[in-house]
Amino acid sequence: MRPVRHGLCQVADKKGSGEVRVALVGCPNVGKTSLFNALTGSKQYVANWPGVTVEKKEGVFLHKGFRISVIDLPGTYALDYNSLDEKITRDYILSGEPDLIVLVGDSVNPEQSLYLLLEIVEMEKKVILALTAYDEAKKMGIKIDKYELQKHLGVPVVLVSSITGEGLEELKDLIVDYSARKGVLHKVHLDYGEAMEKRIREVLNNLTDLPIGAPPRYFAMKYLSGDTQFYQEALKSGLPELSEEERIAFKISLSKKKRELIENVIKEAYQSSEEKVLSLSEAIDHVLTHKFLSFPLFFAFMYLVFKFTFETAQVFSDLLDLAFTNLGNLLVERLGENAISSFMADGLISGVGSVLTFVPNIFFLFLAMGFLEESGYLPRAAFVMDRIMEKFKLSGRSFMSLLLGFGCNVSSVMSTRVIDDPKERLVTILISPFMSCSARLPVYLLILRIFFPHASAALLFSLYTLSILITLLSSSFINWLFYRGRSSPLIIELPRYRFPTFRNLYLYTWNRGKHFLKKAGTIILLASIAIWFLTYFPGNGNVEESFSASIGKALTWIFKPFDYSWKITLSLFYGAVAKEVIVSSITMLYNFDEVELETARSVLGLEMDPVKAFTFLVFVMAYIPCIATVATIYSETNSLKWTLFSVLYSFGIAYSLSLLVYKIGGLVVRS
Amino acid sequence: MNLVMFLLTALSGILEFWNDRLLGFFILVISLVFLFGCFEKQRERYRAHLFVGSVLVLFFAGFSLISYLVSFLMPLLGEEPKSLTLGDAVLVSSGFISILNVYRGRRK
């Protein structure tokens, strides 16, 4: 590999513009979001991309009179246009919208980040290399010569730590300084050797126009390596077809040359003071990905998470519940028993309060999951589960998407965009709603506390395990039904283990938990008002003569085999809007406060026994996705057929499975 | 040290098993980390088992301790606070030893 040649640096003042758009690009798990937060502070917000609904973060900060907008793009290992994330990132970079790109790389393992950097450099974009986790590199005895990196790569390099704040001011200064200049600052020309350069020159000579707006050399290289987008565009503009062998060979050579360069650069710029037989991460991995221990340890972690969610958080939930109950009673006492006090106490406070009492459980769940994710364990779990997932025609990458479903099925469905294989992606979208989301947790907790007070944590764990099992079996079934294909291999860069920082844990828990609070203040509030109205009128508080009773009684035939009362049937019907609404419906229809468990048990016990109660939970675990998830499935698949399939299939599975549980449970109890 | 930790953790797993089957079972799973460590010939790997096993014991012991402390809020709901079982006590003791193991493991 010949040395890199630096081009001309054309410098000019950028007049009349105090605004700069900076795109953060980088591989997943390099600390991109941490850097984004460190740069933008509390001004960040989440926005949708125009046209596509990928979640990106955009934040703003002011520095030296400049208003700097930072766009945190989805993490990607390459810009090959294979997955949706790669497409979005590349299109955005090539669009010319960002004034500057900050390539976020990992100080300790910079190889893949430098690979990504070289590609952006070839796009002839203004780019700064920000190597994060510099504090960790120093702790590990790694010395980085940033001037050596700058010399070889032709881009400015900043060593930063989002935790200690080191290098952040330097990065901000650099952003402002570069944005005030025009043109490409560091035009780098990587020399790939005579044979490849000759091929590139031949293509350049035949190139008449550039339909995508990329630099000619970059376009030629992408065409020669058979890039999906560029190759098609090149054929349209008259370039000849290439054999598959030729394209693959060029792509491999291109990658090999880049890897060689990166290896040399790292050799020159990196110095490690200590040679350990096993690093801390390797030592932990030796045990957590152990041949025999990895699976039981994964389940041990999951069990502890649910135990923590149920047992530790329960006291706080009960205290909240007590507060809402007292508030309701106080209102009735003050206002007397009439329609207004009923609306306030039974409609608003009981309806929304019954859901809000589970806020501690949900926040504890996210705190525990956040700890596992931030520590770096969850990617290992995906790696460990890959062996099992393969048997169900999925990969560990699907597992990562599915795990998000424990929080919210909407984010789970959206996160499937990182899955390259369209078939695997579709299957993952269709099975995602079976992962037990946090909205279902309040329903589980309510029923478990009433009917199974001494085995709640164990049954909660079993419901979550069952949801994973149904998800995996559904994958096999859908694959068998439509594709009969194989899963794609999992290629994942395992991040280092880290002790989660308080700030990151707080952000993780709050960002996910606030979604639940927002729902309580919007959908659940509106649903509670509607349910109260339907339950209060026209019988003036007599539930049996209400609109709800008419609707519920008209629907009971659906659950005749389960012998569900109209109230239970109606709560499932209302729950189609959002699963938490089931809790509001039950408390309003049966008119009890959760804190009075004995009352709740005696009221619900008239219509439900423990078998029926568990059957109900199994049904809630699997039945149709909420409206938001259905809408997301539609927007992601762009197909009414698959959306309808998802709804009908999940209903069918929920119905059959709960019927099975009901029959078997009945037999066991009777014997 | 792996052997000592295995015995302690297995004991607390067995004791917990009578109160909470699943919790006891998973503590026994954790004890296997130390047991497998006993058979490691390479020093680094032996230490890796001790370190990771101790971190896991810390999680479980921490959970027991937090649950116990939080239960002091229960009188506000008119209920009795939780009492520490023998299994919990052994687990928390293992947790204290684990702190030392983790501290030493990180330094090495």
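Name the residue that is nearest to the other protein chains (Cβ to nearest Cβ), counting only residues in the range B:72-82 that are open to solvent by 80 Å² or more (accessible area, probe 1.4 Å) and free of Cβ contacts under 8 Å to residues at least 12 places away in the same chain.
B:LEU76
Taking the range A:185-215 on its own, how many of its residues are closer than 29 Å to A:ILE128 by Cβ and modelled with pLDDT of 85 or more?
3
With free of Cβ contacts under 8 Å to residues at least 24 places away in the same chain and within 11 Å of another protein chain (Cβ to nearest Cβ) as the only criterion, which of B:LEU50, B:LEU65, B:LEU69 stands out?
B:LEU69
If you scan the range A:43-88, which residues turn out to be of a type in the set (S, T, N, Q) and either modelled with pLDDT of 85 or more or assigned to a loop (DSSP other than H, G, I, E, B) (or both)?
A:GLN44, A:THR53, A:SER69, A:THR76, A:ASN82, A:SER83
Given the structure, is A:VAL176 at pLDDT 85 or above and either more than 18 Å from A:TYR115 (Cα to Cα) or not charged (D, E, K, R) (or both)?
yes
Residue by residue, here is whether (1) at pLDDT 80 or above; (2) buried (at least 23 other Cβ atoms within 10 Å of the Cβ) holds:
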{"position": "A:PHE371", "(1), (2)": "yes, no"}
{"position": "A:SER375", "(1), (2)": "yes, no"}
{"position": "A:ARG387", "(1), (2)": "no, no"}
{"position": "A:SER395", "(1), (2)": "no, yes"}
{"position": "A:ARG417", "(1), (2)": "no, no"}
{"position": "A:ASP420", "(1), (2)": "no, no"}
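Tell me, which helices (runs of 4 or more DSSP H) wholly within the range A:553-629 include 2 or more residues that are modelled with pLDDT under 90?
Fully inside the range A:553-629 and qualifying: A:581-590, A:597-605.
Counting only residues that are basic (Lys, Arg) and in a helix (DSSP H, G or I), which one in the range A:498-552 is nearest to A:SER571 (Cα to Cα)?
Within the range A:498-552, the match that is nearest to A:SER571 (Cα to Cα) is A:LYS519.
Can you name every residue in the range A:521-557 that is free of Cβ contacts under 8 Å to residues at least 60 places away in the same chain, in contact with a Gly (Cβ under 6 Å, 6 or more places away or on another chain) and surrounded by 15 or more Cβ atoms within 10 Å (Cβ to Cβ)?
If the condition is that a residue be free of Cβ contacts under 8 Å to residues at least 60 places away in the same chain, in contact with a Gly (Cβ under 6 Å, 6 or more places away or on another chain) and surrounded by 15 or more Cβ atoms within 10 Å (Cβ to Cβ), then A:SER546 is the only one that fits.
From (1) modelled with pLDDT of 85 or more; (2) closer than 30 Å to B:ILE27 by Cβ, pick out the condition that doesn't hold for A:ILE252.
(2)
Report yes if A:ALA137 is touching a strand residue (DSSP E or B) at 6+ places or on another chain (Cβ under 8 Å) and either assigned to a helix (DSSP H, G or I) or at positive phi (or both), otherwise no.
Taking the combined requirement at face value, the residue satisfies it.
Give the range B:68-95 a look and list any residue that's over 14 Å from the mean Cα position of the chain (by Cα) and part of a helix (DSSP H, G or I), or say none.
B:TYR68, B:LEU69, B:VAL70, B:SER71, B:PHE72, B:LEU73, B:MET74, B:PRO75, B:LEU76, B:LEU77
For A:GLU607, indicate whether it is over 35 Å from the mean Cα position of the chain (by Cα), open to solvent by 10 Å² or more (accessible area, probe 1.4 Å), farther than 25 Å from A:VAL427 by Cα and within 14 Å of another protein chain (Cβ to nearest Cβ).
For A:GLU607, the condition - over 35 Å from the mean Cα position of the chain (by Cα), open to solvent by 10 Å² or more (accessible area, probe 1.4 Å), farther than 25 Å from A:VAL427 by Cα and within 14 Å of another protein chain (Cβ to nearest Cβ) - is not met.
Going through A:SER272, A:SER255 one at a time, which residue ends up being of a type in the set (Gly, Ala, Ser) and in contact with a strand residue (DSSP E or B) (Cβ under 6 Å, 6 or more places away or on another chain)?
Among A:SER272, A:SER255, only A:SER272 is of a type in the set (Gly, Ala, Ser) and in contact with a strand residue (DSSP E or B) (Cβ under 6 Å, 6 or more places away or on another chain).
For the range A:385-414, enumerate the residues that are in contact with a Lys or Arg (Cβ under 8 Å, 6 or more places away or on another chain) and either of a type outside the set (Gly, Ala, Ser) or part of a helix (DSSP H, G or I) (or both).
A:LYS393, A:CYS408
Just checking, which of A:SER375, A:SER395, A:SER354 is among the small types (Gly, Ala, Ser), over 22 Å from A:TRP642 (Cα atoms) and within 21 Å of the chain's Cα centre (by Cα)?
A:SER375
Only residues in the range B:9-35 that are facing another protein chain (nearest Cβ under 7 Å) count as the first member; pair them with residues that are among the small types (Gly, Ala, Ser) and in a helix (DSSP H, G or I), Cβ under 6 angstrom, at least 6 apart or cross-chain, and list the lot.
B:LEU22/A:ALA458; B:PHE26/A:ALA300; B:VAL29/A:ALA300; B:VAL33/B:GLY53
Counting residues that are at negative phi, within 11 Å of chain B (Cβ to nearest Cβ) and surrounded by 15 or more Cβ atoms within 10 Å (Cβ to Cβ), which helices (runs of 4 or more DSSP H) fully inside the range A:271-353 reach at least 2?
In the range A:271-353, the matching helices (runs of 4 or more DSSP H) lie at A:280-288, A:294-307, A:313-335.
The values are calculated or read from the model by the stated rules, or taken from the named source; none is laboratory data. Just so we're clear, the structure is a prediction, and the values are computed from it rather than from any experiment. Positions of Cβ are generated from backbone atoms using ideal geometry, with glycine treated the same way; all protein chains shown enter the neighbour counts. What goes into the accessible areas is simple: the full protein's heavy atoms, side chains included, and nothing from ligands, DNA or RNA. Shrake-Rupley method; radii C 1.70, N 1.55, O 1.52, S 1.80 Å.
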